[in-house]
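Q: Mind having a look at this structure? Questions to follow.
The values are calculated or read from the model by the stated rules, or taken from the named source; none is laboratory data. For clarity, every value in this text was computed on a predicted model and none was experimentally measured. FYI the Cβ positions are ideal-geometry reconstructions off the backbone, even for glycines, and counts take in every protein chain you see. Just the protein is used for accessible areas: all its heavy atoms, side chains included, with ligands, DNA and RNA removed. Shrake-Rupley method; radii C 1.70, N 1.55, O 1.52, S 1.80 Å.
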Amino acid sequence: MHVKIDRNLATIQARVESHIDTLSTFTATPGKGTTRLTYSHEDLQARQYLKEKMKEYGLQVREDGFGNIFGKLQGTLKDAPSVLIGSHFDSVPNGGSYDGPAGVVAGLEVAALFAENRLTPKYPLEVIALVEEEGSRFGGGLMGSRGIVGLLDEEGFNGLKDKDGIYAVDAMKKMGLDPSLPKKRDPKTMKAYLELHIEQGPILEEKGIPIGVVEAIVGLTQLEVTVKGQAGHAGTTPMDRRADALVTAAKMIAQFPELAGSEGEDTVVTTGRLNVFPNGANVIPDKTVFTVDIRSGKEEHVQNVIEKVKELAVSYSRNGIEISVEQLLYIQPKEMNKDIVSLLKKTTNELDIPNCSINSGAGHDAMVFSDFTNVGMLFIPSKDGLSHCPEEWSDSRDVANAVQILFEAAKKLTEAE
Ligand code: GLV
Ligand code: MN
Ligand code: MN
């Protein structure tokens, strides 16, 4: 039987696989998924690899005052805005190899195609690799992109600390990065932003469709709730004399599924991080800090849930219990740019790749850029719909398909007025 293999696609696929495999070795938890926290040793290793590849592909490399990486292919027009293409390269704790890196690698391979085809665009092309999208180290999330567009200013950045009290600026300096480099970028320097990402859900796989063209991204917020009580002896303090910070937190958290359900539609509420203090088996907890991640395609639902969480906090604040709620991140639902959505669909159809429209339940750097430049996103299927876990997997052939689409789209965007 003769099997036709498109040599170009096979080459891209092999390179994608090699990048992903290499990047996945830069993890703090070998054998237990990718743990690559921002400004960690593993961040440095991945950073060095990405910068090397950017140089190899003929790009001019620079970093900004947050440690975001930019690899630029100059255009023929002087001082013209760039078409940006990329994603983030940090991970959640014990996450997968594709969430973020798939998009960075796709950007790299688009640049490689420009180089191989000896194309000099009119407008510059910039491959970007962003830091701290997940917020796994400094909280909130989308830090790199928020910094670029000025939503995180110098003062805000200087105040960021991790759970061990290490300031982001100090962690940067420790790994040899320079926080005094320029941070905010004038939106006039950006012509468009393209991002490939894994779907992180089951839809494309179930439909058997290799490409999703993203139409919109959910609105989301991240709250941090602190419950303060009174520490005491686990053996000698009667049950009715306790101000137990963990029991209170547990009662609140147990209500979230119902709260999400009563809000309805696509509303989801998650507590993914919970820290207990002093964390001793025979000590009544005097403090609990937990996150509440709330998402919906409709902003109204997100706002309603925020109010309800605050009401719960008030209703449980009694008998020596004090509860405060802080908002670490708030971002409205975002639509992708209509012209870029059309361009991506047209290009995908021209390449004969089956595709469909899709909405994103995950947050992405694209949603931050969408208020400042024209944004478009592609999704590829996630095996079993899994993400944010070591089992996360996507087919490198799908990434290669996306590279071809993004290459064609980037050619048009770097030429058009
Ligand atoms: C990022 O993965 C997010 O959706 O929180
Ligand atoms: Mn993620
Ligand atoms: Mn991601």
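Q: Please enumerate the residues belonging to region 94-109 that are away from ligand 1 (no atom under 16 Å from the Cβ) and small (Gly, Ala, Ser).
A: Across region 94-109, the qualifying residues are Ala106, Gly107.
Q: From the list Gly261, Gly297, which residue is within 30 Å of Met377 (Cβ to Cβ) and without any contact (Cβ under 8 Å) to a residue 12 or more places away in the chain?
A: Gly261
Q: Something else about it: For region 342-361: of the residues being open to solvent by 20 Å² or more (accessible area, probe 1.4 Å) and within 16 Å of ligand 3 (Cβ to nearest atom), which is farthest from Leu130 (Cα to Cα)?
A: In this case the residue turns out to be Asn359.
Q: Still on this structure, please answer the following. Given the conditions (1) more than 22 Å from Arg15 (Cβ to Cβ); (2) within 16 Å of ligand 3 (Cβ to nearest atom); (3) open to solvent by 60 Å² or more (accessible area, probe 1.4 Å), which single one is not true for Trp393?
A: So the condition that Trp393 fails would be (1).
Q: Just to be sure, is Ser91 assigned by TED's automatic domain parsing to the domain that holds Glu134, within 12 Å of ligand 1 (Cβ to nearest atom) and outside any loop (DSSP other than H, G, I, E, B)? Step through it out loud before you land on a result.
A: Values: assigned by TED's automatic domain parsing to the domain that holds Glu134: yes; within 12 Å of ligand 1 (Cβ to nearest atom): yes; outside any loop (DSSP other than H, G, I, E, B): no.
No.
Q: As an exercise: evaluate His2 against (1) at pLDDT below 95; (2) closer than 21 Å to Gln404 by Cα and give the number of the one condition it does not meet.
A: (2)
Q: Would region 198-207 turn up any residue that is open to solvent by less than 30 Å² (accessible area, probe 1.4 Å), within 14 Å of Phe70 (Cβ to Cβ) and modelled with pLDDT of 95 or more?
A: Filtering region 198-207 down to residues open to solvent by less than 30 Å² (accessible area, probe 1.4 Å) leaves 198-199, 201, 204.
Those left that are additionally within 14 Å of Phe70 (Cβ to Cβ): none.
Checked region 198-207: no residue is open to solvent by less than 30 Å² (accessible area, probe 1.4 Å), within 14 Å of Phe70 (Cβ to Cβ) and modelled with pLDDT of 95 or more.
Q: Kindly state which helices (runs of 4 or more DSSP H) lie completely within region 293-379 and contain at least 2 residues that are farther than 30 Å from Asp240 by Cα and within 16 Å of ligand 2 (Cβ to nearest atom).
A: Output list reads 365-369.
Q: Given the conditions (1) within 16 Å of ligand 3 (Cβ to nearest atom); (2) free of Cβ contacts under 8 Å to residues at least 24 places away in the same chain; (3) acidic (Asp, Glu), which single one is not true for Glu311?
A: Exception for Glu311: condition (1).
Q: I'd like the full set of residues that are charged (D, E, K, R) and either within 16 Å of ligand 2 (Cβ to nearest atom) or touching a Phe, Trp or Tyr at 6+ places or on another chain (Cβ under 8 Å) (or both), limited to region 385-410.
A: Going residue by residue through region 385-410, those that are charged (D, E, K, R) are 391-392, 395, 397-398, 408.
Within region 385-410, Glu391, Glu392 meet the criteria.
Q: Anything in region 99-138 that is over 22 Å from the mean Cα position of the chain (by Cα) and open to solvent by 10 Å² or more (accessible area, probe 1.4 Å)? List them, or say none.
A: If the condition is that a residue be over 22 Å from the mean Cα position of the chain (by Cα) and open to solvent by 10 Å² or more (accessible area, probe 1.4 Å), then Ala115, Glu116, Asn117, Arg118, Leu119, Thr120, Lys122, Tyr123 are the ones that fit.
Q: Moving on to the next point. Given Gly65, Gly75, Gly58, Gly96, which one is surrounded by 24 or more Cβ atoms within 10 Å (Cβ to Cβ) and at pLDDT 95 or above?
A: After applying the criteria, what remains is Gly96.
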